[in-house]
């Protein structure tokens, strides 16, 4: 059976996934700030309110803590809410409900309940929105047992992973890089899922492994294409899921290439790169390393407003090219 | 009882009786007394077990607040859901929990309601509609609103109750939750058990309004103040609020003014209140003593009947503690169970 594949933007793919989820399951509904007639701050919900009505595409007051708590309570008692944070930065206002309640409820009650809530977080820099609207906080939530944390990098994956998240009995946090919303890519029609907890090898290579997340996957692929001309053959892994992390795919790749570069937008220190490095350091892949592991992450500053400073804060393609070249040529 | 005045459901028949004595049967009222004693003796049993080193951690006892828990839960069915607080043992019992499994939870045993993973502060009984105590002040309030939203969307006709203390009324979650419940006209009842102190800080020192029920006007819902130590008064307010919620007319805030005899938790040295204040509440406003006096006055029970209730409760508590002691502890190898849903 042929499934039609169209070019959709990342935002359209999310919207389509939410529409399919609502069509297939009466219990699924959307909550968030200005997601109704406004269509969401990034037009992700768009016109869904016209199709599904304001009961299922619910505007909330500007109450991130309370709103997240209502979503948790609804999930606990038979519904399947998809809660949109207007910006991932606003997760800071709702940490209590996310970390103390959603994540721990099942455990604290000895497995008697589950919390099938999906929370969506528009994340990342590059929009000139400065320090409080540009952060990448996925590692914060990735640190919490009980949560699943995903960072789909393509329209195809975000649709399939969102549908997997809606079907998941546990709380799933989706970090969507804002610069990806307009990126287009092939997306199959209809319902399909992309598994949570499985990384994807986006590009095969022999000389060096780059493990990247979210928008950095695309930058890493660009860098890899550029370095091919220099005879450096790079493998690019799209991590896709922060928790639970797909350790095996990382380990297998490093055993093959013997070099590891981690690329992510969040602040470098105490982040996802440290975890990826530790996965390798604690495994038998360590013995295969021919060079120290290198991390490229965000600078140790809040995201600045000035566009040149903003760009300099997070890894860019030339940074990845330089780091990968040095690593591959043994200059590290 | 020979001289028992039969409780009637007709207001006209006994116009001067307190609400509960008009609404509920003699048998139901005797059950209420039984459960109020069960709460008190459970708390005392837990305290004793803690003192003897059988229970670790900490606990927050609700001795003195029994009428509040019972009165609020009186009009509820097993399908109606509650969220509770760190001072939640009474709510759990009032909602129908088995003290055996509660003690087992406090002892950290696998037969406990949370299989030993939650303890006192997360005690729950989902089958009876108790979604759990909560270690975070005001943490359960938005969750109850979510349960009410689910009830409305799924058209179950159920209501949700959120118990919280006076301390919670200064948390943002309280205000956000009340606002949303009112905007969406949800079947939820907010029950503030004001025992006068958030840990050591009195409501006078912490709260800008005189009564916490005054907050209700900011969210366009009824704010009702009741004597939390008077079972009938609490039950009457709960009954009206539940009826309003079930009729789709939206939320109510009930402030149940009460008092806890014990300290906030096990670390409390009681330096913020006087011995006289505590003794006055215990001597003159004890909820069980007040209810017993009413039961006797209206001929529902006599001294022998009360003694029989006390004996029955004593045995239940002893059996519960024995059950907890004999129950197995969790296996260390099962440590990571229940973090995520096990996929078959």
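Just so you know, all these numbers are worked out from the coordinates, no wet-lab data involved. Here the structure is a predicted model, which is why all the values come from computation and not from measurement. Note: ideal-geometry Cβ built from the backbone for every residue, glycine included; neighbour counts use all protein chains shown.
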Would you mind ranking A:112, A:265 so that the residue whose beta carbon has the fewest other beta carbons within 10 Å leads the list? A:112, A:265
Treat the count of other C-beta atoms within 10 Å as a stand-in for reagent exposure and order B:278, B:300, A:62, B:82 from fewest to most. A:62, B:278, B:300, B:82
Of A:226, A:75, A:94, the one that fluctuates the most in a GNM where chain A has Cα springs shorter than 10 Å: A:226
Quickly estimate the mean residue ellipticity at 222 nm for the protein assembly as shown, helices only: each DSSP H run with n ≥ 4 gives -39500 (n - 2.57), and the total goes over all residues, rounded to 500. -11500 deg cm²/dmol
Taking every residue in B:185-193, how many Cβ atoms of other protein chains lie within 10 Å of its Cβ, on average? 0
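Take every DSSP beta bridge whose two residues both sit in chain A, then give the antiparallel share in percent to the nearest 5.
The antiparallel proportion sits near 25 percent.
Please order B:265, B:329, B:68 by the number of other Cβ within 10 Å, starting at the fewest.
Fewest-to-most Cβ neighbours within 10 Å comes out as B:329, B:265, B:68.
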Taking the Cα centroid of the stretch A:278-332 and of the stretch A:1-47, what is the distance between the two, rounded to the nearest whole Å? 34
FRET efficiency, 1/(1 + (r/R0)^6) with R0 41 Å, evaluated for residue B:220 and residue A:301 via beta carbons: 0.35
Quick one: angle between helix A:272-281 and the longest Cα principal axis of chain A, in degrees between 0 and 90, rounded to 10, please. 50
Pairwise over distinct Cα atoms, reciprocal of the mean inverse distance: report the Kirkwood radius of chain A in Å, one decimal place. 20.2
Using C-alpha positions alone, give me the convex hull volume of the stretch B:192-340 per residue in cubic angstrom. 224
What is the ratio of the Cα radius of gyration of the stretch A:1-156 to 2.2 N^0.38 Å, where N is its residue count, to two decimals? 1.05
Just the C-alpha atoms of the protein assembly as shown: what Rg/Rh do they give, with Rh taken as the Kirkwood radius? 1.05
Taking chain B as a Gaussian network, where each spring joins two C-alpha atoms under 10 Å apart, which residue of B:124, B:46, B:308 fluctuates the most? B:308
Across B:64, B:165, B:198, the residue with the highest GNM fluctuation in chain B (Cα network, 10 Å cutoff) is B:198
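Find the percent of Cα-Cα distances in the stretch A:200-328 that exceed 26 Å, and round it to a whole number.
Values: 1243 of 8256 pairs.
Of all Cα-Cα pairs in the stretch A:200-328, 15 percent lie more than 26 Å apart.
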